[in-house]
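Data first, discussion second: the structure below is written as C-alpha cells.
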Amino acid sequence: MARPADLLRSFALRTAVLAALVVLLVTGLGLGFGYLRSERVLRDNLDAALQQEALGLIAVQRGAGTPGLIAEVAQRAQLRSGSAIVAALQTLDGRRIAGAALDLPPVLTGFATVTGPAGGQLRTLGVVVPGGLNLVLAADTRAVLDTAATLLESLMLAGGAAVVVAPLFGLLLARRMERRLAAVSAATEAVIGGDLTRRLPLSGAGDEFDRLAVTINHALARQEALVAGLRQVTDDVAHDLRTPLARLRQRLELAAGQARAAEADQAVLDAALTELDALLATFSAMLRLAQLEARTDPPTDPVDLSALVAAMAETYAAIAEERGKTLLADIAPGQQVRGDAALLRQALVNLIENALLHGGDRVRVQVAPGPVLSVSDNGPGIPEADRIRVLGRFVRLDASRATPGTGLGLALVAAVARLHGTRPELTDAAPGLRVTLDLSGVRIAS
Amino acid sequence: MKILVIEDDAATAEYVAQGLRETGHAVDIARTGKDGLFMAASEPYDVIVTDRMLPGPDGLTIVRTLRASGVATPVLMLTALADVERRVEGLDAGADDYLAKPFAFSELRARVAALGRRPAASGEATVLRVADLEMDLLKRSVRRGDRVIELLPTEWRLLEHMMRNAGRVLTKTMLLEKVWDFNFDPSTNIVEVHVSRLRRKIEVEGEPPLIRTIRGAGYVLGPPG
C-alpha cells in the first residue's frame with residue numbers, strides 16, 4: 001500500500017482535500033446564513049406579538065374608556081408579572097400612569113429598541129392613544145437572543161463535525177482511489193515486465209475506472225495479438241526461408257567440391273540464381289505483407305473498380321488461354337470505391353493467379369453492384385475446415401505443396417481487404433472455390 | 001554516357017560501376033551524399049544513379065537540391081525500401097526512376113539507357129512509326145504496311161509503350177510497371193504471354209520480326225536487321 005508521503009503527493013488526496021474544503025465552505029455558508037435568518041424570524045415573531053398585545057389594549061380602551069385601559073394595564077402589571085411582554089402607560093411628557101416601571105424615554109411611537117432598567121435590551125412598541133396617553137408594550141429580547149445563541153451553538157457543533165468528517169471522508173476516498181490505481185499500476189508493470197497475458201482488474205462496478213480498464217485491456221489484447229503475430233512471422237521466416245537457403249547452400253557446396261566444367265557450372269549458377277530469386281520474392285512479399293498489416297490509415301483515393309478489374313481480366317484471359325483454360329469476366333459498369341488501386345490490383349492478381357494455379361479450367365471474375373468483387377473457379381475447392389486457416393501466412397494446403405507460390409497470397413489479400421474495411425470470404429462455388437470481397441463499405445455512390 | 005554513381009556501400013558501388021563501364025559508359029563514384037551532391041552540381045553527367053540511404057544528405061535530399069538549383073540530369077534512385085509509398089516519395093522528390101535492391105544488372109543497364117536517351121522521346125507525336133508498323137493515336141488504329149491490325153486494350157498499351165521506346169531494351173519489370181501498373185512481381189509470366197500474342201499479331205508469316213528478345217534482359221522493338 002502507498003506510504004504516507006506518496007499519499008500526500010497523490011492526486012487522489014489532493015482531490016479529497018479539495019472536496020473537504022468545499023464541504024467546509026458550503027457548510028459554513030449554510031450555517032451562517034441559517035443563523036442570520038433564524039434570528040430575524042425570531043425578532044419578527046416578537047414584533048408580531050407586541051403588535052397583537054397593543055391591538056388588544058386599544059380595543060379595551062375603545063370598549064371601557066381610558067379609565068378601563070388604565071385599570072387593565074395596572075392589572076396586567078400585577079397579574080402577569082412573569083409574562084414576556086409587559087405594558088406601561090405614561091403621559092406624553094414621560095410621567096408613568098400605570099404598568100411596569102420601565103424607565104422609558106417620553107413618548108415612544110412605533111417599534112424601538114431601548115435599554116431597560118435592568119440593563120438588558122428591550123424591544124418596544126409605542127402608540128399614542130386618545131386621552132393624551134402613550135401606551136408602550138415591551139419585551140425583553142434576552143429570550144430571543146438565548147434561542148439564537150442555542151441555535152448558533154448547535155450549528156457550530158454540526159460545522160465542527162463537518163471539519164472532522166470531511167477530511168476523513170476525503171482520506172477514505174483517496175485510499176480507495178489509490179488502491180484501484182495501484183492495481184492498475186501493478187498490472188501495467190507486469191505487462192512491461194513481459195507478461196503480455198496480464199489484464200487490468202475490473203471492480204465490476206462498471207464505473208469510469210472499469211471503462212478505462214476495459215479500453216486498456218483491449219489495447220493490451222491487441223498488443224498481445226501483434227506480438228504473437230510477430231513471433232509467428234519469425235517462426236515462419238525461420239522455416240520457410242531457411243529451407244530453401246539450406247538447399248541453395250548444399251547446391252553451391254556440392255558444385256564447389258567438383259572440378260570446374262563450363263557447362264555444368266553454368267547450370268549450377270543458373271539454378272542458384274533461380275532459387276535466390278524465388279527467395280527474394282518471398283522476402284519481398286513478407287515485407288510487403290508486414291507493412292500492410294502494420295498500416296492503420298485507410299487509403300482513400302477514388303478507384304474505378306470496374307475498369308481495374310476489366311483490365312486484369314483481359315490480361316489474365318490471355319494467360320488462361322495459353323494454359324488451355326477459360327477466364328470469364330462479368331463486370332457491372334461504373335463501380336467506384338475509395339481505396340488504393342495498386343493494392344486492390346495486387347489482391348485481385350493474387351486471387352486470379354491462385355484460381356488459375358489451383359482451380360479447375362474455368363475462372364470467373366465478377367464485380368456485382370455493391371460493389372462485391374469475387375473470383376471463383378471450378379477446381380477442387382477448399383474444405384470448410386481449412387477456409388479460415390488458408391488466410392494466414394505460409395499456409396499451403398497439402399494439395400498445393402508441389403506448385404510454386406510463397407504461401408503469402410491470401411494473407412496479402414486479407415491485409416488489403418482489412419485496409420478496405422472488409423475481409424475475404426471463402427465459399428463453396430459448387431464445385432470449386434469462390435473468394436468474395438464485399439467492398440460496399442468503401443463504395444463511392446455514383 | 002557519363003554516369004555518376006552515389007553509393008556508400010563499396011561492394012555495390014564497384015559492382016554498379018564495373019557493370020556500367022563494361023557497357024561502355026564512363027563512371028564516377030561518390031561515396032557520401034555530400035560528395036555526390038558536389039559532383040552532380042559541378043560536372044555535366046548524362047545520368048545519376050544514387051542510393052536512397054546515404055551518410056550526409058540522403059538520396060531524396062540530393063534530388064530535391066539538384067532540381068531546386070535547376071539541374072535536370074535524369075536520376076535513377078536505388079533503394080532497399082521498395083514499397084509503393086517510398087517509391088512515390090522518390091518520384092515526387094524529382095527522381096526519374098526507382099529501382100529496388102537487389103536488382104539484376106540487366107535491369108539497371110536497361111533503365112540507365114532509357115534515362116540517358118529520355119529527351120529524344122517526343123511525347124506529343126500523334127503517329128508512332130517503326131519500320132512499316134504505324135500506330136495512329138488519334139484514330140486508334142494500327143497497321144503494318146497495308147494490313148490493319150486489331151488490338152485488345154492491353155496489347156495496345158504494350159505496343160504503344162514499346163513504340164515510344166523503340167530501340168531500347170525494355171525489361172520485364174519495366175513493362176510490368178509501365179503497361180500494367182504493377183509494382184510487384186506476379187507469379188505468372190504475363191509479360192511473356194502478352195509479348196508473344198502481340199508478336200503473333202504484328203509479325204504474321206513472311207513479315208520480318210520487329211520485336212527481339214534479349215536473353216536475360218528483356219525486349220526491344222526496332223526495325224528488322
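The values are calculated or read from the model by the stated rules, or taken from the named source; none is laboratory data. All values derive from a computational prediction rather than experimental measurement. Cβ placement follows ideal geometry from the backbone for every residue including glycine, while neighbour counts extend to all protein chains displayed. Protein only, heavy atoms only, side chains kept; ligands, DNA and RNA dropped before computing areas. Shrake-Rupley method; radii C 1.70, N 1.55, O 1.52, S 1.80 Å.
What the table shows:
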read-out	value
Solvent-free Debye scattering, log10 I(q)/I(0), computed from the Cα coordinates of the protein assembly as shown at q = 0.08, 0.12 Å⁻¹	-0.82, -1.33
The range B:1-95, accessible surface, carbon-and-sulfur percent (1.4 angstrom probe)	55
Probe 1.4 Å, accessible area per residue of the protein assembly as shown, Å²	53
Cα-based reach from residue B:34 at 14 Å (exclusive), listing aspartates and glutamates while leaving out same-chain residues under 8 positions away	B:7, B:8, B:51, B:58
Solvent-accessible area of residue B:2 with every protein chain in place, 1.4 Å probe, in Å² to the nearest 10	70
Heavy-atom accessible surface of the range B:127-221: percent carbon and sulfur, 1.4 Å	49
Drop in accessible area of at least 10 Å² in the complex versus isolated chain, residues of the range A:285-313, 1.4 Å probe	A:288, A:291, A:295, A:311, A:312
At least 10 Å² accessible surface lost relative to isolated chain, residues of the range B:154-185 (1.4 Å probe)	B:154, B:157, B:180, B:181, B:182, B:183, B:184
Local net charge near residue A:367, Cβ-Cβ under 13 Å (Lys/Arg +1, Asp/Glu -1)	-1
At 0.890 mPa s and 25 °C, Stokes D of the range A:29-186 from Kirkwood alpha-carbon radius, µm² per second	130
Sulfur and carbon atoms: percent of accessible area, the range A:270-361 [1.4 Å]	57
Listed residues A:368, A:214, A:234: farthest to the positive end of the dipole of the protein assembly as shown (Cβ charges)	A:214
Compactness of chain B as Cα Rg over 2.2 N^0.38 Å, two decimals	1.09
q = 0.16, 0.20 Å⁻¹: log10 I(q)/I(0) that the Debye formula gives for the range A:301-442, counting C-alpha atoms only	-0.78, -1.25
Debye, to nearest 20: dipole size of the range A:301-442, +1 on Lys, Arg Cβ, -1 on Asp, Glu Cβ	360
Cα-based shape type of the range B:2-117, given that a ≥ b ≥ c are square roots of the gyration tensor eigenvalues and the cut on a/c is 1.5	rounded
Estimated dipole of chain A in Debye, rounded to 20 [Cβ of Lys and Arg +1, of Asp and Glu -1, Cα centre]	1540
Axial C-alpha extent at least 24 Å, average Kyte-Doolittle at least 0.0 - helices from chain A (DSSP)	A:11-79, A:142-192, A:262-294, A:305-322, A:341-358
Share antiparallel - DSSP beta bridges, chain A, percent rounded to 5	90
Heavy atoms of residue A:325 accessible to a 1.4 Å probe, total area in Å² rounded to 10	50
Peptide A:340-351 - average C-beta neighbours from other chains (10 Å radius)	3
Size of the A/B contact, given as accessible area buried on both chains, probe 1.4 Å, in Å²	1800
Cα gyration tensor, the range A:267-352 - rounded (a/c under 1.5), prolate or oblate	oblate
Candidate lysines - alpha carbon under 20 Å from residue B:101, same-chain residues fewer than 8 apart omitted	B:172, B:178
Net dipole in debye of the range B:35-144 [+1 Lys, Arg Cβ; -1 Asp, Glu Cβ; about Cα centre; nearest 20]	460
Within chain A, helix-based [θ] at 222 nm, where runs of 4 or more DSSP H residues each add -39,500 (n - 2.57), nearest 500	-21000 deg cm²/dmol
Global geometry of the range A:241-294, whether rounded, prolate or oblate, following the gyration tensor of its Cα atoms and the 1.5 cut on a/c	prolate
For residue B:26, net neighbour charge (Lys/Arg +1, Asp/Glu -1) across residues whose Cβ lies under 13 Å away	-2
